[in-house]
Amino acid sequence: MKRMILLFLLALALPMAAFANNSVDFTNAGGTLSGSSAGLSLTGSTLIAMGTGGGIITGNLGTLDFSTAGLTGGNLQTGATFAAGGSFTITGNGTNGISNGVIFTGTFSGPVTWTMVTLANGTHNYTLSGALTGTWMGGGTVNGATVQLTINTGKGFFNGSTTISSGDTNIVVPEPGSLTLLGTGLVGLAGVIRRKLKA
């Protein structure tokens, strides 16, 4: 009887591990951010780092490109909001163990904010941030967020084009062993129930 109770508790505990997630961080640098009230787009930005719980890989790893949907409020010079939608793509080039091809493709899942920050010396930086949803290279649906920081534009304002200083994108991906653990837990639970019914 004790053994059956222990098996039952184990069977219930194993699927809980299926709720664990890993996050993958991508860092990009450079590229041209251009736009108008129709939206902002980043092209030519180099993927320079990818980090997971297991470590960080650096180098020229691929590209990161995106485009937002149209302007819904504010203005491009002092701060704005863009609608959900657009596109967001992270592509690896096969270097240093990175996949060769599209790693993540998706859209902005909520409003995208474009914020101007005036520094103490009177110069301006702009930050773009937004939530993401899309498809991971293995085919699963994943969520994340991105923050992109522009090069200082001096005392002038955004005039339709600037350079990205750096960006960070975090994607939450299912832990690879989660489905296996869920399956093992369900099989164990089924075995316990079967024995109970036969007894």
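Sorted by packing (mean other beta-carbon atoms within 10 Å per residue), highest first, where do 121-128, 83-90 land?
Top of the packing list down: 83-90, 121-128.
Starting from the 7 Å offset along Cα-to-Cβ, what nm value, one decimal, do you get for the label separation of residue 152 and residue 23?
2.9 nm
Taken together, the values in this text are just the output of simple stated rules run on the coordinates, not laboratory data. The structure displayed is predicted, hence computed values, not measured ones. Glycine gets a Cβ as well: all are built from the backbone with ideal geometry, and neighbour counts include every protein chain shown.
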